[in-house]
């Protein structure tokens, strides 16, 4: 019977919370003093950030000759980092938009921090192409604005320019989506805090939200439009366009039509792992066990496993097509990846991305947090290597053996990567301290979700007869037993 | 000038949902409901139509993407034509990614702007809160008493019966706009 199906569901949020308790739990970290753990983490992240700033300033002053690039390998560490960070960002939009579209209600506990993660990851990603320009102060030349140099316009046929539009749109729309989701929570905090700087900020940014149903009605429509109509195709387009940077070239190993879906699956794979890493830390340090339950972790690890399988299929397809193509350069590029001087990076990628996630077939592994934590870190490492393999191994041995070269990153490049992690974690820690990490207004709405029918199951229609019955019966409408169609 | 209103506070979504339906069935006009979170089906129970903001999205997406298509064409084929790899000056397929991104960007910004304008939300606005708890965990249902035919006692008893924590008469500042008068027939108009 359909009714028993939903009556037996587990609550999404543990601890039998009421809406009032949700407000208390979520605003607690914003109210008291920061814990020593938070200060310690901030210290580490800021140190990393400062190291990165020093490295970036040095390379801007001296020039990108400070990198390990050479004439054969024109893209390596920096573009790897760029694609890596963009990929990390994609999980946020997946959780907030695609899972919203699929009515996965568990997303409400995770979406706020995943969206924040998207923003910070896109910020980190944006740094790399800009410093790669060599003269980053002229980065605005990428925008098609009227000028007195001709006017000299940008080349709209270039995938690199598509990237500029894709990533800036992605950043702006993600920020807008995140902010729109924050407004009701900012209003809650505004009414909770009595005075002080924070209260004034919440007041300014909550836009006078008062919870009126007419506003909620429009708000939900807008949220649906942003999620379903805009963010979902956007997230698929952004990494497709990033993959065009490679796929539209003629380099063997880059020139493949499988790249857009392969990159999108990989992006979601790495992003979900990063969300899991961060969520497990947040859960343990900020006492969010009731909000990020084992069921949440379980669902996310299943997504990791699913996307890992997609990535594995892409690796196999790529290899098969290369061997089957009859193109000797294509064939060589792939054999060189697996057996050439950089084979170690290829096999690191395969072990981390294909073998490690296989443990998630086992329920016990999905529910053991230390295992999940370590596995997701492996996946992050593996996904970084995936981009490194695609970019560097395809370039280092090209058509002419006389131009073959090798590549080792310099300290400056490594420090730049460290700095981008520093920026990411610094932003994330500041976010955890000053904004609600859990989308309160959304979590409150799913507290009783397990008691209600899912979409498509027998749903008590609040129609006029029901209204008439409600007038004589004190039983709340939605919980009234009714006949199931089966 | 201020309005007398009947304010009922409800502890949870089910009680306010039940009261809302019962009040409308009894012919009362609900001025507004205030909720801490979006309750599935409550807007429908209140007879609210689905918002038409989607039209703004479609219009903005069309304007943004079509105009940017022509902008790219103008830049590449008219303002300063450059021969790039022997490709045609007007390389339509290559315009598509940017057309898509710009369409999404304009549509997203216009949609959110439309929400803010339509709902009168702007930075620093002083919120008109009927009760400070409506952004936390309480639901408030407001009805105008000014109408001569308004039966305060019956409204009170319906609210109480459905689990209202408190029902009281309050004075609220007059609204600029005419109060919305939902038609009970519109309950089944959409979906």
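State yes or no: is residue B:107 surrounded by fewer than 19 Cβ atoms within 10 Å (Cβ to Cβ), within 8 Å of another protein chain (Cβ to nearest Cβ) and within 34 Å of the chain's Cα centre (by Cα)? No.
Of all residues in region B:121-172, those satisfying the criterion of being more than 21 Å from residue B:21 (Cα to Cα), facing chain A (nearest Cβ under 7 Å), in a loop (DSSP other than H, G, I, E, B) and out of contact with any strand residue (DSSP E or B) (no Cβ under 9 Å at 6 or more places or on another chain) are B:121, B:122, B:123, B:124, B:125, B:126, B:127, B:136.
Contact map, region A:186-205: residues that are within 9 Å of chain B (Cβ to nearest Cβ) paired with residues that are modelled with pLDDT under 85 and surrounded by fewer than 14 Cβ atoms within 10 Å (Cβ to Cβ), Cβ distance under 8 Å, separation 6+ or inter-chain. Pairs shown: A:191/B:132; A:203/B:124; A:204/B:124.
With the structure loaded, tell me whether residue A:243 is at pLDDT 90 or above and assigned to a helix (DSSP H, G or I) or whether it fails that test. Yes, satisfied.
Select, from B:57, B:3, the only residue that is at negative phi, buried (at least 18 other Cβ atoms within 10 Å of the Cβ) and in contact (Cβ under 8 Å) with a residue 12 or more places away in the chain.
Values: B:3 fails: buried (at least 18 other Cβ atoms within 10 Å of the Cβ).
Criteria check complete, one pass: B:57.
Among what's in region A:219-230 and is over 12 Å from residue B:112 (Cβ atoms) and more than 7 Å from every other protein chain (Cβ to nearest Cβ), pick the residue that is surrounded by the most Cβ atoms within 10 Å (Cβ to Cβ). Talk me through it step by step, then tell me what you get.
Taking region A:219-230 first, the residues over 12 Å from residue B:112 (Cβ atoms) are A:220, A:224, A:227-229.
Next, from what is left, pick out any that are more than 7 Å from every other protein chain (Cβ to nearest Cβ): A:224, A:227-228.
Working: A:224: 16, A:227: 20, A:228: 14.
Among residues in region A:219-230 that are over 12 Å from residue B:112 (Cβ atoms) and more than 7 Å from every other protein chain (Cβ to nearest Cβ), the one surrounded by the most Cβ atoms within 10 Å (Cβ to Cβ) is A:227.
Against the criterion of being farther than 30 Å from residue A:18 by Cβ, under 20 Å from the mean Cα position of the chain (by Cα) and assigned to a helix (DSSP H, G or I), residue B:59 qualifies. Against the conditions (1) surrounded by fewer than 18 Cβ atoms within 10 Å (Cβ to Cβ); (2) more than 7 Å from chain A (Cβ to nearest Cβ); (3) assigned to a helix (DSSP H, G or I), residue B:118 satisfies every one except (2).
Among the residues of region A:185-211, those that are out of contact with any helix residue (DSSP H, G or I) (no Cβ under 8 Å at 6 or more places or on another chain), at negative phi and not in a helix (DSSP H, G or I) comprise A:194, A:195. For region B:13-32, a residue qualifies if it is touching a helix residue (DSSP H, G or I) at 6+ places or on another chain (Cβ under 8 Å) and under 16 Å from residue A:445 (Cα atoms), and the qualifying residues are B:13, B:14, B:16, B:17.
For region B:39-53, which positions are surrounded by fewer than 22 Cβ atoms within 10 Å (Cβ to Cβ) and free of Cβ contacts under 8 Å to residues at least 24 places away in the same chain? Listed by number, the residues that qualify are B:40, B:52.
Residue by residue through region B:27-36, note down the ones that are more than 16 Å from residue A:221 (Cβ to Cβ) and facing another protein chain (nearest Cβ under 7 Å). Listed by number, the residues that qualify are B:32, B:33, B:34, B:36. Taken over region A:65-81, the criterion of being under 29 Å from the mean Cα position of the chain (by Cα) and in a helix (DSSP H, G or I) is satisfied by A:77, A:78, A:79, A:80, A:81. Just one of the listed residues (A:415, A:400, A:447, A:451) is surrounded by fewer than 15 Cβ atoms within 10 Å (Cβ to Cβ) and either under 30 Å from residue A:111 (Cα atoms) or within 28 Å of the chain's Cα centre (by Cα) (or both), and it is A:451.
Residues that are more than 7 Å from every other protein chain (Cβ to nearest Cβ) and under 20 Å from residue B:139 (Cβ atoms) within region B:45-58 comprise just one, B:47.
Can you tell me which residue is farthest from the other protein chains (Cβ to nearest Cβ) among those in region A:143-178 that are closer than 30 Å to residue A:201 by Cα and without any contact (Cβ under 8 Å) to a residue 24 or more places away in the chain? Reasoning before the result, please.
Keep residues of region A:143-178 that are closer than 30 Å to residue A:201 by Cα, which gives A:167-178.
After this cut, where a residue has to be without any contact (Cβ under 8 Å) to a residue 24 or more places away in the chain as well, the list is A:168, A:172.
Values: A:168: 8, A:172: 6 Å.
Out of the qualifying residues, it is A:168.
The values are calculated or read from the model by the stated rules, or taken from the named source; none is laboratory data. Predicted model, so just to flag it, every value in this text is computed and none were measured. Glycine gets a Cβ as well: all are built from the backbone with ideal geometry, and neighbour counts include every protein chain shown.
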